[in-house]
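Below you'll find the structure, written out as structure tokens, and then a few comments.
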Amino acid sequence: MAPYGKQSRKAVALAVAAGLAGAACAEDIGQIKVSRGQVAVERMGAALPATVGMRLQASDTIRTGSDGSAGITMNDDSLLSTGPNSVLVLQRFALDPATSQGRFDAALDKGSLVVVSGRIAKQSPEAMTVRTPSAIIGVRGTEFAVSVGE
Amino acid sequence: MSRSTRACLWRFWAALLPALVGCAPMTNVVLLPQPDGRPASVVVAKGEQQVVLARPYEAARESSAGVSAYASSAQEVQQRFGPALAAQPGRAAKVTLYFVEGKDALTEESRALVDNMLAEVARRPVPDVLVVGHTDLVGSHASNDALAQRRGEVIRTELVRLGVPAENIQVIARGKREPAIPTADGVAEPRNRRVEIIVR
């Protein structure tokens, strides 16, 4: 019984550790639906190829090359799509699925972006922003396009 | 550092500053037409300055003088945002299927539609599906939550059968908390006995 007990304690410790790691891991906030040409997702210092179906996390940066474009859906049904030579940062995303209340802050550092806002902006008109290096766009539930540069 | 050197450095920075500001990338924002024609707007803010865009193709652009409004066009939007528009994912869609009173069996009408409606869901490149089970207001919360969950699971099984990966389907039960047709407690309302399937 003793070795078994020891092993099961080890198993519990492992399970707890895995649970904590899971909790520390950022939540899934959206998904890559379209990825054409060169597209990368930068996460914690690493550049991952953006594959269709890939889940996104808060703080992810989507970077497209000169031939790249990408389309993503967020968990509040927002749609974001970027053209070539773009850098889009998903800075903050929080959503209560039951009430649709939350917060969504994205930043376009350069390039082009088309946005269809979702449930967060619909529920609370002050709850979604898109920042550029020089301006802040407050979204009151709508479709719009932003470019930085040129 | 001599006084004249310091003065010289100041002049150097004073001359450089506008050049640096001039180099900052300029922001351009265009409000797009809303497919449902509903009113919508965005506010573009730069420091104290604000421009509100509220009509299709109303736009704001930055210059050294600040942010100013102008009228953009479908043509300009296509030129500037063509690739981004082409990469837009499909919009979220909702399908509702109805159930027999007190059971997890689809009504005859919904039974006839289920394959077509769910095939539409399964056809998406990477369907990400939320299945929400509901009931009418007959019975307790506990029994309705359980019934709503069973109804959701029936739809999950159908979706998996049609090829949607199980890990892309989330089933939640709202029981009698969110009736489509609000009624008094205890009322048997067919339109409330439903499962909503939301696909992204």
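Values in this text are rule-based calculations from the coordinates and carry no lab data. The structure displayed is predicted, hence computed values, not measured ones. No Cβ is skipped: glycine too gets one built from the backbone with ideal geometry, and neighbour counts run over all protein chains shown.
Observations
- One residue stands out in region A:87-131 among those that are among the polar types (S, T, N, Q) and over 15 Å from the mean Cα position of the chain (by Cα): the one that is farthest from A:GLN38 (Cα to Cα), namely A:THR99.
- For region B:27-55, filtered to residues that are touching a residue at least 24 places away in the same chain (Cβ under 8 Å) and at the interface with another protein chain (Cβ under 9 Å from one of its Cβ atoms), the residue that is surrounded by the fewest Cβ atoms within 10 Å (Cβ to Cβ) is B:PRO33.
- Unique match (being away from every other protein chain (no Cβ under 13 Å) and over 18 Å from A:VAL130 (Cβ atoms)) among A:GLN57, A:GLN38: A:GLN57
- Condition check for A:LEU79 on (1) facing chain B (nearest Cβ under 7 Å); (2) more than 14 Å from the chain's Cα centre (by Cα): one failure, at (2).
- Considering residues of region B:56-92 that are aromatic (Phe, Trp, Tyr) and within 14 Å of A:VAL114 (Cα to Cα) only, the residue surrounded by the most Cβ atoms within 10 Å (Cβ to Cβ): B:PHE81
So that you can scan it fast, the table gives a plain yes or no per residue for (1) without any contact (Cβ under 8 Å) to a residue 12 or more places away in the chain; (2) aromatic (Phe, Trp, Tyr); (3) touching a Ser or Thr at 6+ places or on another chain (Cβ under 7 Å); (4) not in a helix (DSSP H, G or I):
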{"position": "A:LEU108", "(1), (2), (3), (4)": "no, no, yes, yes"}
{"position": "A:ALA121", "(1), (2), (3), (4)": "no, no, no, no"}
{"position": "A:THR129", "(1), (2), (3), (4)": "no, no, no, yes"}
{"position": "A:PRO133", "(1), (2), (3), (4)": "no, no, no, yes"}
{"position": "A:GLY141", "(1), (2), (3), (4)": "no, no, yes, yes"}
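- A:ALA127 being more than 7 Å from chain B (Cβ to nearest Cβ), surrounded by fewer than 21 Cβ atoms within 10 Å (Cβ to Cβ) and either small (Gly, Ala, Ser) or over 23 Å from B:ALA40 (Cα atoms) (or both): no
- Odd one out for B:SER140, checked against (1) away from chain A (no Cβ under 14 Å); (2) over 21 Å from A:ALA98 (Cβ atoms); (3) surrounded by fewer than 17 Cβ atoms within 10 Å (Cβ to Cβ): (2)
- Of the residues making up region A:130-150, those that are more than 7 Å from chain B (Cβ to nearest Cβ) and in contact with a Lys or Arg (Cβ under 7 Å, 6 or more places away or on another chain) number 0.
- Take the conditions (1) crowded, with 16+ Cβ neighbours inside 10 Å; (2) away from chain A (no Cβ under 12 Å); (3) touching a residue at least 60 places away in the same chain (Cβ under 8 Å); B:VAL100 misses just one of them, which is (1).
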